[in-house]
Amino acid sequence: MTQFREAPADILTERDASTRTGSLSNVSYKVSLALSDDPDADTFQSVSTVVFDAAVEGSETFINIAARSVDQCMLNGKELLATEHEFDGALLWLRGLRAGSNTVSVTAQCEYQHTGVGLHRFRDPIDGEVYLYTQLQPFDAHKVLACFDQPDLKGRLSMTVRAPNAWRVCANGSVLRTEIGGDSTLWHFKTTPPLPPYLFAVVAGRYHAVERKHGDIPMAIWCRDSLATWIDQQADEIFEITVSGLDFFEQYFAMTYPFDEYNQIFVPELKFGAMENPGCVTLNESRIHRGPASEVQLQRRAETILHEMAHVHGFGDVTTMRWWGDLWLNETFATYMAYLALVKATRFTNAWVYFASSVKSVAARQDQLVTTHRVASHVPDTTSVFQNFDGITYDKGASVMRQLVAWVGDDAFRRGVQEYFERYRWGNADLREFLECLSRASGRELTSWAQEWLQTTGVNTFRVKLANRGDRLASLAIEQSAIPEHPTLRAHRAGVGLYDRDPEGVLRLRRRIETDLVGATTSITELVGEEACDLVLPNDGDLTYAKLRFDDRSLETLQRDLSKLADPLARALCWAAMWDLTRDADMRTRQFVELVARHAPAENDPLLLEQVTTRARAAINLYGDQTNRIAARERLHRVARQQLDGADLAVHLKLIWLRILVGTAASAASLGEVAAMLDGRTAIFGVDLDTELRWLIVGQLAEEGHADVALIRATMSVDPSDIGRRRGAACLAARPTRAAKQGAWERVANPSAPLSTDWNGAADGALTIASMSAILRGFAIGSVDVGGMMAHGPDPELLRPFVSLYLAALPSVWMERSLDEAKMFTESLYPSHFVDDEVGAEVELALAAGTLPGPAVRILREGLDDTRRAQRARRVDAAAGTQTFATTQTP
């Protein structure tokens, strides 16, 4: 394997972890950190005292610590010399252990980080304040303290932190006391229950806090001072979701909240959506809305809160996986439980709609790539965790979990989960033990189920086959198929629904049955003899994971009346099926876009409205004949204008249509209309021009060549935050000029090179991973992402010279940069905008050279796979000729 920037020793293998687990036990930690508000300080002092039992007299082990230097290492009262502990920048050797209790104490100078791992440091450009937080999953705890950095060596943690007097500090335990000494304060935190090191957490800085209490549980929401106005306005809703979740999980898990407090801290530049540190949950600041938020944005935030709470309250923090091979189970459970909590305990009672239309769509896309893998995959080492940290781990896993619940039954699943937490509280467990609990509760044997669903790859397709005799169903069957590369036919618990038009033309469910679909064909005998219906919906209720294909009459019904389907979950399933047809080149892109243009105006579910319009825009860019690209975008633009001109449009829908209006502007006239909104010459349909909408407009104008540097800088002056800087950088990179693209390329590919004057103030200083992401997004994908809307992508020919530069740079990028930076660089700059054989051949040559590590190879292979799919779809769409969207018929 090509070596990355991290030393070979800074990778933990499953074998080494298992060996260490077999020889050590009864671990506890006392950790003391000394933190500074000096933004130029490179390091902080970390003192770790670790007590543990060794099984064998005279044995040896190693402890992980990544530090600039180790000042002292004491083992059982004796200082170890450098030649004895052999510190190599990543670990220390501990030899001659006692059978029974041992104590090691390590004093080290650890480094502040700027890539979202370890102890990340951020300086707010508005007030100059320094903010710190830890992000330690999966294998970065040893960047902050000396520890046995693996999930199955859990330990109690006692933490003290010395920090400037003006700071707040949060850790996993509640504050026991503080001691002021001069210009700093020493914070003492309560000892935690046994936790894996990846959940140890510290957050420190001049954070703004809003505090509440729910029963005996203190709660708080933190953010940096410059975002305080927004969090104060949104705190009530966040606390409402939090309280609902705490009550729901306590009842569902039959377990009172197991930690001292529930603090949620919105932190800058977090590389994930959130992290489930107990007592100290961190969330990405993108979940704070700096303007009116759509229902979609609010539900996404609520789902994030509940996802992390499902971890904290049980799966992960209380009962922890043994090794990263069960990461999928950890995340799958939290995702499923978050949606269940949304439906059962919050106002987002239609959350399964978003699950069906979004989560399962992501799963199906990932599962149809050449790089698909089993849900439960072998993870040989900590680097490999990132290779499968994807739509299979989260989204297919959650979809499979929903099927598992249907397979065993809701009540049995709940009882099995409660037994699981009772048996393995504060310990470690794996998939086998989880399934055993469910099997005992349900009486169902789950070994074969697990083999079919977790140890195989690919998505099945259901096809409706029926025959009528007169006005009655003479036969009805669901055929299940799989492609040759992934041939498994699984046992599915699924619903089949019959829908009819009522006198007002609305499609309503007449009858639904739930049954097991096993093998290639399952006859639905229960429905034979029923009156013929307008729509047969396989997987009605969305219990299983499969693609859907309809009989001819059902397809005709959907083409004409999809928006008249009363049940939003049924609509979501049907829209997903239409999207699958488009991606599979079984429906022309222009037909899908026209279907959206005709039916989206009647859509009153904001989740579905945003989903289908976003897909229409993606279809235009990826799968459509490019000679129709502008016409297709203008078709959606006209629909958005008609909707916004309507007097009765609900506010939450108006916000979505306004974003669609901006994001689809393509002609000189429509772009001029959008520009007029920005300078106040045109009213914005009763919506305020807030910061987020302003950036969306400027981003669209920048991408189309209608925003110069002066306009971008003026917008940055209105929003001088780091968020504004990054969005300004994205807009600068999005401009359709060779100079703009070259400037963006140099900033990312050669970050130490001098900046052009265009970039001063937008991307100056150290290139953080968040800034890098923004520039790359503007360069290759789209300028500004606001509420799910993003500009459509650049003129491909403008970027053609950079394809060879990108491929040539990859070996050195993966050699010299961190894993996260290299992954972002490779994913963001993959030339997906070139749907042609020329670029495909260049990518294939880069793969054949054999100079790239596994993660890079995977990204290129996936990109190439997507390109081939887009080529097939474009050929089908182009075969329709130059037919315009004004006259295009639905399929």
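Some notes on this structure:
- Applying 1/(1 + (r/R0)^6) with R0 = 22 Å to the Cβ-Cβ distance of residue 586 and residue 510 gives a FRET efficiency near 0.20.
- Förster radius 35 Å - calculated FRET efficiency between residue 99 and residue 851, Cβ distance, rounded to 0.05: 0.10
- Modelled label reach - residue 183, point 7 Å along Cα→Cβ, the stretch 201-231 residues with backbone N closer than 20 Å: 204-207
- Note on residue 641 and residue 40: the model spin-label points, each 7 Å out from Cα along the C-beta direction, lie 5.6 nm apart.
- Here mean projected area of the Cα convex hull in nm² was calculated from the structure, and among (i) 49.6; (ii) 40.1; (iii) 36.8 it sits at label (iii).
- In the chain, the portion of solvent-accessible area held by carbon and sulfur atoms comes to 49 percent [1.4 Å probe, whole percent, DNA, RNA and ligands not counted].
- Rounded FRET efficiency, nearest 0.05, which uses the C-beta distance separating residue 752 from residue 865 and R0 of 41 Å: 0.75
- Approximating the spin labels as points 7 Å out from Cα along Cα→Cβ, the residue 175-to-residue 251 distance works out to 3.4 nm.
- Taken over the stretch 807-873, the percentage of Cα pairs per 5 Å bin, counting from 0 up to the bin with the maximum distance, is 3, 18, 32, 24, 15, 6, 2, 0.
- Rounded if a/c under 1.5, otherwise prolate or oblate - the stretch 234-337, Cα gyration tensor axes: prolate
- Once C-alpha pairs closer than 8 Å and six or more residues apart are averaged by separation and normalised to the residue number of the stretch 297-386, the relative contact order reads 31 percent.
- Spherically averaged projected area in nm², based on the convex hull that wraps the Cα atoms of the stretch 70-203: 9.9 nm²
- Local net charge near residue 778, Cβ-Cβ under 10 Å (Lys/Arg +1, Asp/Glu -1): +4
- Summed residue charge, Cβ within 13 Å of residue 876's Cβ, Lys/Arg positive, Asp/Glu negative: +3
- One chain, two ends: residue 820 and residue 126. Fully extended at 0.36 nm per residue, the span grows by 247.1 nm beyond their Cα-Cα distance.
- Residue 347 paired with residue 879, simple spin-label distance in nm, labels 7 Å along Cα-to-beta-carbon: 4.9 nm
- Computed lengthening from residue 72 to residue 426, 0.36 nm per intervening residue step minus Cα-Cα distance: 124.2 nm
- Relative contact order (%) - the stretch 539-621, alpha-carbon pairs under 8 angstrom, separation at least six: 28 percent
- Label point 7 Å beyond Cα of residue 521 along Cβ direction - residues of the stretch 459-478 with amide nitrogen under 20 Å: 460-470, 473-478
- In the context of the full set of protein chains, residues of the chain present 36 Å² of accessible surface per residue (probe radius 1.4 Å, heavy atoms only).
- What the Cα atoms of the stretch 347-444 give is an Rg and a Dmax of 15.5, 42 Å.
- Inter-centroid distance (Cα atoms) of the stretch 324-397 relative to the stretch 409-444, Å: 20 Å
- Distance from the stretch 181-224 to the stretch 135-174 (C-alpha centre basis), Å: 11 Å
- Relative contact order (percent, whole number), the stretch 1-140, Cα cutoff 8 Å, 6+ residue spacing: 24 percent
- Separation of the alpha carbons by more than 22 angstrom is noted, of 154/190; 344/547; 190/213; 30/143; 30/190; 465/547, for 344/547.
- The stretch 623-675 and the stretch 813-851 have their alpha-carbon centroids 33 Å apart.
- Annotation: the antiparallel percentage among DSSP beta bridges lying fully within the chain is about 80.
- A full extension of the chain between residue 191 and residue 651 corresponds to an added length of 160.8 nm, given 0.36 nm per residue minus the alpha carbon distance.
The values are calculated or read from the model by the stated rules, or taken from the named source; none is laboratory data. The structure presented is a predicted model; accordingly, all values stated were derived computationally and were not measured. When we count neighbours, we look across all protein chains shown, and the Cβ atoms used for this are built from the backbone with ideal geometry, even at glycine. The area values use the complete protein model at the heavy-atom level, side chains included, leaving out ligands, DNA and RNA. Shrake-Rupley method; radii C 1.70, N 1.55, O 1.52, S 1.80 Å.
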